[in-house]
Amino acid sequence: MQRLLHPKTIAVVGANDREGSYSGETLLNLRRLGYPGTVWGVNPGRAEAHGFPCFPSLSELPEAPDAVVVAIPAAGVAAVVEEAGALGCGGAVVYGAGFGEIAKGAGLERELAAAARRHGLPVCGPNGNGIVQLHERVALWGDALRPLEPGRVALVSQSGNVAVNTLATLRGLRLHTVVSCGNSAALDPAEWIAQLAREDDVGSIAVYLEADGDGVRLCEALAECADRGVGVTVLKVGASPAGALAAAAHTGAVAGDQRVFRALVEEAGAAWAEDVHELLELAKAQAVTGAHPQPRPETGLAVLTCSGGDSALAADYCDRNGLPLPALAPQTAARLRELLPDAATVGNPLDYTALIWGEVDTLRDIVLTVAGDPSIDQIVVLYDQPVGVEGASAESWARVREGIHQGAAGSRVPVMVASTLPELLDDDAGARFADAGIPAIAGLRTGLVAAAMLRRPPGDGGRMRAIAAAAARGANGSVPLAEHEAKALLRSAGLPVVEGRLAAGEDEAAAAIEDLGPALVLKLSAPALMHKSELRALALDLRSADDVRAAYRRLVALGVESAAVLVERMEAAGAELLVAARRDAVVPALVVGLGGVWTEIHGDAAVVPLPATPERVEAALRSLRGAGILTGARGGAPLDLAAAARLGAQVGDLLLSEGLGLIELNPVLVHEHGALAVDALAA
C-alpha cells in the first residue's frame with residue numbers, strides 16, 4: 001500500500017475536462033494542492049485533459065504508475081484493475097458506484113476483487129471518494145478540494161460523505177490522510193488502519209465503519225496502533241443482527257453484535273464515538289502529544305471558566321462521565337484568593353469571573369496554581385471565541401490564549417481547552433493550541449467526554465493479538481446439544497454443574513429422590529429446546545415420589561421431539577447470572593449479566609472479548625448496574641464473586657478449545673461459597 005499512499009506517478013483513467021466530473025475534478029485537485037509528481041490521463045479519445053497529457057491505455061504510459069484512479073462506469077472497472085495489476089502498478093482508487101451496494105452490481109464487485117487478488121493490487125473502493133494525503137499533497141479524490149494545512153489526524157471512512165465533510169470542517173482539525181474506502185471490496189478497513197499506524201506523523205486515526213469487517217485483521221490493526229502509540233476512535237453504525245443461534249438464546253438479545261464490537265474497541269484502548277462530531281473531536285485530542293494524564297485513585301480533573309453557569313454545566317457533565325472533581329487543597333485555595341477578584345468563589349469547577357479578562361499573567365498563574373495542587377492530574381479551561389472578531393476584541397482574545405499557553409507550558413499536568421458551543425472554537429486558535437500540546441475541543445459536553453477518554457489506560461498489543469488468535473481458530477460447525485449433553489461437556493472440563501441424570505421412566509425419576517433429594521427438578525432435554533419456562537417444559541421443587549411421577553407424565557405428554565427427561569437436584573436459591581460465550585460476532589466474546597427469566601428485560605450485561613482471565617471476568621461483573629447483588633449491597637452478604645469469575649473464564653476457554661459456536665449458562669447460581677451452573681445449552 002506504500003506506493004498508493006506515496007505515489008510519484010499518478011494515472012487518471014477516464015480523464016476529461018467536463019465540469020463536475022470525478023476524473024476532471026481529480027486532475028484539478030492535484031493542481032490545487034500542488035502535487036509535485038507526474039500526472040497522466042488515460043482516455044483513447046483525448047490528447048490532454050486540464051493540461052495533463054492523455055494516453056490511450058495504461059499499457060501505453062511511459063511507465064507503470066504508482067497510483068491509478070479509475071473514474072469510469074462500473075462495467076469496465078474490473079478490466080482496468082486487471083490491466084493495472086498485470087503492469088505492476090502500485091494500487092488503484094475506484095470511485096464508481098453500482099457494485100456490491102446494489103443487487104445487480106454484486107457480480108461486478110466480485111470480478112473487481114478477484115482481479116485485485118490475482119495481482120496483489122491494493123484497491124481503495126469502489127463506491128468511495130478516494131485518498132487525500134496532505135503532507136505530500138496527494139489527492140486521489142473526485143470531489144472539489146481546497147488546499148489544507150497538514151496535521152496528525154488520519155481518517156478511514158466507509159462513508160464518502162463523512163470523509164468529504166471532514167475535509168471541509170473548521171474546528172482546528174489538521175488532517176494527515178483521509179481514506180474513503182467505500183465498499184472495501186479488496187482491502188478491509190482494518191488494513192488501512194494498520195497501514196496508517198505505520199505512517200510518519202500520524203498521531204491518531206478516526207474510523208467510521210458500516211460493517212464489522214474481518215475481526216482478526218481488526219485486532220491486528222488495533223495491536224499495531226497500541227504498539228506504536230497511535231490513538232484510535234471508532235464510530236460504528238448499523239448494528240448487524242446477532243447470529244441465529246445466539247438470537248434464539250438469551251445471549252443474542254442481551255449482547256448483540258454492536259456491544260461485542262464496542263467491547264473489542266474499548267479493550268484495545270480505543271475510544272467509542274456516538275456521532276461524527278465526537279469522532280473527529282476525540283481523534284483530534286488523541287493526536288496531541290503529551291495530552292494523556294497520569295490519574296491515580298486520589299486525583300482528578302479541574303475545570304477553569306469565567307462563568308458560573310458553565311461551572312454548573314461542567315460539574316453535571318463530569319458526573320455523567322465519571323470524571324472526579326477533587327476539592328482543591330487549602331494552600332491552593334489560599335493562593336487563588338490572592339489572584340482572584342473578590343467576586344470569585346474558589347472551588348472546582350473554578351469560576352475565575354470575567355473581571356480578569358485578558359490579564360495574561362493572572363490567567364497563567366491561575367493555571368499554574370491549580371496544576372500544582374496534589375489532587376489535580378488534568379485541567380480543562382473553557383474557551384469561547386466568536387467567529388470574525390477584530391480589533392480590540394481580537395487582541396483581548398489573543399491575551400486570553402497567551403495566558404492559557406503560558407500556564408500550560410509551565411504546568412506539571414496536561415491542560416486542554418474546550419468551547420461551550422462547538423462553533424465557538426476558532427479554527428486557527430484550535431490548531432495553535434494543538435501545536436502547543438493543548439487539545440482544543442469543540443463543545444463543552446464533547447470536551448469532557450474527551451477528558452474522560454484521555455484518562456483511560458492505553459491499549460495492549462499483546463492482548464489484541466491473543467484475541468486475534470482466538471478469532472482465527474473458527475468454529476467446528478457442530479449442531480446444538482441437548483441440555484444433558486451440554487452439561488456432560490461442562491463436567492468433563494471441570495466446571496461446577498448441578499448434579500443430575502436422565503430418567504428412563506417415571507419410577508426411575510421418583511427413585512432419584514433418595515440420592516438427589518430432598519427436592520428435585522424435572523425438565524425436558526432436547527437439542528432444539530431452549531426456553532423451557534415458556535413451554536412449561538420443567539417442574540420445580542418436587543418433594544415426593546408422587547409429585548415426581550406426575551411431573552414426569554406431564555412433561556412427556558408435551559410431545560417434544562427427541563426429548564429426554566432430566567432429573568436434577570433442586571439447588572438453594574442464590575443470585576442468578578447469565579454466563580455465555582459466543583463466536584458469531586466480530587470476535588469470540590464472553591457475556592456476563594444478571595440472569596434467570598428476566599435476563600432480556602433487565603439487559604444488564606457486560607462483554608469481554610475472549611480469551612478472558614478470571615480477573616477480567618470479575619472486573620466485568622463488578623461493572624454491572626446490579627453488581628451490588630453480588631458484592632453485598634444494602635446489608636446483603638457478599639457472594640463468591642471470584643468463583644463466578646472462574647466459572648466464566650472456564651466457559652470462554654471451553655468454547656475456544658472445543659470449537660463451539662455458543663455456550664449459554666442461564667442461570668448460574670452464585671452463593672456465599674461457590675457458583676453452580678443449573679441450566680446450559682451449547683452448539
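Read the figures in this text as sums done on the coordinates, not as results from a lab. As the structure is a prediction and not an experimental result, all values here were calculated from the model. No Cβ is skipped: glycine too gets one built from the backbone with ideal geometry, and neighbour counts run over all protein chains shown.
Quick rundown of the values:
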quantity: Once exposed loop trypsin sites (Lys or Arg not before Pro) are cut out (DSSP; at most 11 other Cβ, 10 Å), longest piece of the chain; calculated: 19-411
quantity: Amide H contacts under 5 Å for residue 54, placed H, 5+ residues apart; calculated: 41, 48, 49
quantity: Kirkwood Rh and Cα Rg combined as Rg over Rh, evaluated for segment 499-569; calculated: 0.93
quantity: Alpha-carbon centroid distance for the pair segment 55-71 / segment 171-243, whole angstrom; calculated: 29 Å
quantity: Residue 130 long-range amide H proximity, modeled H, under 5 Å; calculated: 180
quantity: Alpha-carbon centroid distance for the pair segment 289-366 / segment 542-564, whole angstrom; calculated: 69 Å
quantity: Table column - 3J(HN,Hα) (Hz), segment 353-365, Karplus curve with 6.51, -1.76, 1.60, x for Gly and Pro; calculated: 6, 7, 5, 9, 4, x, 8, 4, 5, 5, 5, 4, 5
quantity: Cut-off under 5 Å, modelled amide H: who pairs with residue 231 long-range; calculated: 204, 205
quantity: Packing-based ranking, highest mean first, of 661-673, 52-64 given that Cβ atoms within 10 Å are counted; calculated: 661-673, 52-64
quantity: Rotationally averaged projected area of segment 168-224 (alpha carbon convex hull; nm²); calculated: 4.5 nm²
quantity: Neighbourhood net charge (14 Å Cβ-Cβ; Lys/Arg +1, Asp/Glu -1) for residue 396; calculated: -4
quantity: Alpha-carbon spread of the chain, three principal axes, descending order, Å; calculated: 94, 78, 33
quantity: Pair residue 169, residue 355: separation of 7 Å Cα→Cβ label points (nm); calculated: 3.9 nm
quantity: Expected-Rg normalisation [2.2 N^0.38 Å, Cα atoms] applied to segment 575-682; calculated: 0.98
quantity: Listed residues 542, 140, 410: farthest to the positive end of the dipole of the chain (Cβ charges); calculated: 140
quantity: Per-pair calculated FRET efficiency, R0 = 22 Å: residue 615 and residue 657 via Cβ, rounded to 0.05; calculated: 0.65
quantity: Estimated vicinal HN-Hα couplings, Hz - segment 587-595 in sequence order (Karplus 6.51, -1.76, 1.60; Gly, Pro = x); calculated: 9, x, 8, 9, 10, 10, x, 5, x
quantity: Footprinting exposure proxy for 225, 318 (fewest neighbouring C-beta atoms within 10 Å first); calculated: 318, 225
quantity: Cβ-placed point charges (K, R +1; D, E -1), dipole of the chain about Cα centre in debye, nearest 20; calculated: 540 debye
quantity: Qualifying GluC sites (Glu not before Pro) in segment 390-442, DSSP loop, other Cβ atoms within 10 Å at most 14; calculated: 390
quantity: Under 11 Å from the residue 423 label point (7 Å along Cα→beta-carbon), backbone N, segment 311-326; calculated: none
quantity: Value of D in µm² per second that Stokes-Einstein yields for segment 1-144, Kirkwood Rh from Cα pairs, at 4 °C (1.567 mPa s); calculated: 88 µm²/s
quantity: Whole-Å semi-axes of the ellipsoid equivalent to segment 60-186 (Cα gyration tensor, √5λ, descending); calculated: 26, 17, 11
quantity: Residue 338-residue 161 FRET efficiency (beta carbon distance; Förster radius 41 Å; 0.05 resolution); calculated: 0.20
quantity: Charge dipole (the chain, unit charges on Cβ, about Cα centre) - positive-most of 94, 326, 635; calculated: 94
quantity: Additional length obtainable on full extension of the chain from residue 504 to residue 488, 0.36 nm per residue less Cα span; calculated: 4.0 nm
quantity: Positive-pole candidate from 44, 477, 261, dipole of the chain, charges at beta carbon; calculated: 44
quantity: Spatially near lysine pairs across the chain, Cα under 26 Å, sequence gap of 8 or more or different chains; calculated: 4
quantity: Theoretical ellipticity at 222 nm over the chain - DSSP helices of four or more residues, -39500 (n - 2.57) apiece, nearest 500; calculated: -11500 deg cm²/dmol
quantity: Net lengthening on full extension, residue 546/residue 389 (0.36 nm per residue, minus Cα-Cα); calculated: 47.6 nm
quantity: Rounded to whole Hz, the Karplus (6.51, -1.76, 1.60) HN-Hα couplings of segment 132-147, x for glycine and proline; calculated: 10, 10, 6, 4, 10, 6, 9, 9, 8, 9, x, 9, 4, 9, 9, x
quantity: Distance in nm between pseudo-label sites at residue 228 and residue 634 (7 Å out along the Cβ direction from Cα); calculated: 5.1 nm
quantity: Cα-projected label distance for residue 478 with residue 572, points at 7 Å along beta-carbon direction, nm; calculated: 3.3 nm
